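The values are calculated or read from the model by the stated rules, or taken from the named source; none is laboratory data. Not measured: the values here are computed from a predicted model. Cβ sites come from the backbone with ideal geometry, for glycine too, and all protein chains shown count toward neighbours.
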Amino acid sequence: MTPTLQSRLPNVGTTIFTVMSALASEKGAVNLGQGFPDFHCDPRLLQAVTDAMAQGHNQYPPMTGIAPLREAVATKVSTLYGREYNPITEITITAGATQAILTCILAVVHPGDEVIVLEPCYDSYVPNIELAGGVVVRVPLTPGTFRPDFGKIAAAITPRTRAILVNSPHNPSGMVWTREEMLALQDLLAPTDIILISDEVYEHMVFDGQPHHSAARFPGLAERAFIVSSFGKTYHVTGWKIGFVAAPASLSAEFRKVHQFNVFTVNTPMQYGLTAYMADPRPYLDLPAFYSAKRDLFRAGLARTKFKLLPSQGTYFQCVDISEVSDLSEADFCMWLTNEIGVAAIPLSAFYGNGFDQRVVRFCFAKKDETLKLALERLSRL
C-alpha cells in the first residue's frame, strides 16, 4: 500500500496556466494565456550554444556559473545601473528565475518568519515561502493602477518581517515602479533588517522611453537585495531555464549554500553560448522597441472591442477590464473566451490568494504578429 502523505503544499493544485494552455490546445484557441513567445530566438544564439557543445563544454561547470558569464553579467549591470558587483562573490548563475527566487527564500527565511508579497503576484512566491516554513503576509497593490501603497506596506511590517518580494516590471499587470516609488521603498526599509527580493525578469521590457529602475540603482536597496533576472525572458528562450542572481557577498554566500544542494549548477554549453552572445548588447537594448511594437499592434486591435485597456508600461502582458463585455467572473470569462471565441487569457484573480475578482484578465503579446492578428480577428467579435 502506498503510504499516505501529509502534503507540504495542501492548497496547491494544477496552476491556471496549465489549465488554460491545455484547454487552448484542446479547442484550437490562440493561446495568449501563458507567458512565452511563439517565435524563434536569434539563430546566432543557437549557433553559439552549438559551438560550445562542439568545443567540448559538456561537463559540470563551476557551482556558481562559468566565470566569463558572471563577468558579462557584472559588466552589464554596472553599465546599465551603475552598481559594481564582484563576479566572483556576488553573481550566481541559476536554473531560471523561479529556482533563484525559491533559493533566495530558502536561504533567508526561517520557520515563523513573515514575508510580504504584493498582490497580484507571480504564483511561485507563496508556495516558496510556505516550503521554507515562513508566514505569507499579503499586501494588495492598488486595484486599477496596481501601484504600491506604502501605507499598507508599512502597516504590514512587524518585528517578524524577514523579507519582501517586489516585482517590476510587474507580472501580471504590466506596471513599472517609478524612481520615486523605489526611493520610498528604500526609505521604508532603511531602519529595518528586511531582505529585498527584487524580481526583475522583465528588466529589458520597459516602454515609452522610460527606464527600468532596478534595485541595483539604489544603494540602500542594493545592499539588502537579491536581484533576480532571466536570460530566458530576455533572449526568447524560456525553455532554457537560465537566470542569475546579483547580491552582496554576504547574501550571495548564504544563497550559494542552498543553490549547491538544490541544483548545484546550470547547463554548461548554454552558459558558454550566452557568454558569447552577450558580447553584443543590441539584443537586450533593442528589446523595448521590439515589444512595444507588438504591444501597440495588439492595443490598437483591442481598442476596437468593448474591452477597457489598462496601461501596459512594461513586460509582455496587456490587461483589460471585461466589465462591458461580460457579466461572468474572470475565471468563467476566460473559459468562455477560450471555448467560444478561440482565444485564451488568464484571470487576474489567479494571482490573488483570496481570488479577488476585479473584472480584469491578462493577455500575453509575446507572439508573432500573425498570431496577434488572428487573435484580434477573433476578439473583434466582441
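Just a few scattered comments:
- Yes/no for Phe244 being modelled with pLDDT of 95 or more and part of a helix (DSSP H, G or I): no
- Long-range neighbours under 8 Å by Cβ, at least six apart or interchain, first residue closer than 24 Å to Arg381 by Cα within region 282-310, second assigned to a helix (DSSP H, G or I) and of a type in the set (Ser, Thr, Tyr): none
- Every residue from region 177-231 that is closer than 14 Å to Ile153 by Cα, part of a loop (DSSP other than H, G, I, E, B) and under 19 Å from the mean Cα position of the chain (by Cα): none
- Qualifying residue in region 156-166 (condition: farther than 30 Å from Asp38 by Cα, β-branched (Val, Ile, Thr) and in a loop (DSSP other than H, G, I, E, B)): yes
- Here Ala253 fulfils each of the conditions (1) of a type in the set (Gly, Ala, Ser); (2) within 19 Å of Ala163 (Cβ to Cβ); (3) buried (at least 19 other Cβ atoms within 10 Å of the Cβ); (4) touching a residue at least 40 places away in the same chain (Cβ under 8 Å) apart from (3).
- Asp357, sole failed condition from (1) of a type in the set (D, E, K, R); (2) within 27 Å of Trp177 (Cα to Cα); (3) modelled with pLDDT under 95: (3)
- Counted residues, region 322-353 - those being in a strand (DSSP E or B) and either more than 29 Å from Ser214 (Cα to Cα) or among the aliphatic types (A, V, I, L, M) (or both): 3
- The residue that is farthest from Thr145 (Cα to Cα), counting only those in region 308-322 that are touching a Leu at 6+ places or on another chain (Cβ under 9 Å) and among the β-branched types (Val, Ile, Thr), is Ile322.
- Looking only at region 215-237, and only at residues there that are farther than 21 Å from Asp280 by Cβ and not hydrophobic (A, V, I, L, M, F, W, C), the one that is surrounded by the fewest Cβ atoms within 10 Å (Cβ to Cβ): Pro219
A quick yes/no check of all residues on (1) surrounded by 13 or more Cβ atoms within 10 Å (Cβ to Cβ); (2) in the same structural domain as Ala276 (by TED's automatic domain parsing); (3) among the hydroxyl-bearing types (Ser, Thr, Tyr); (4) in a loop (DSSP other than H, G, I, E, B):
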{"residue": "Thr2", "(1), (2), (3), (4)": "no, no, yes, yes"}
{"residue": "Asn11", "(1), (2), (3), (4)": "no, no, no, yes"}
{"residue": "Glu26", "(1), (2), (3), (4)": "no, no, no, no"}
{"residue": "Phe36", "(1), (2), (3), (4)": "yes, no, no, yes"}
{"residue": "Gly65", "(1), (2), (3), (4)": "yes, yes, no, yes"}
{"residue": "Leu80", "(1), (2), (3), (4)": "yes, yes, no, no"}
{"residue": "Thr98", "(1), (2), (3), (4)": "yes, yes, yes, no"}
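- Qualifying residues in region 45-63 (those that are touching a residue at least 24 places away in the same chain (Cβ under 8 Å) and outside any helix (DSSP H, G or I)) - the one nearest to Glu200 (Cα to Cα): Met63
- Tallying residues that are of a type outside the set (Asp, Glu) and more than 26 Å from Val263 (Cβ to Cβ) within region 17-46 yields 17.
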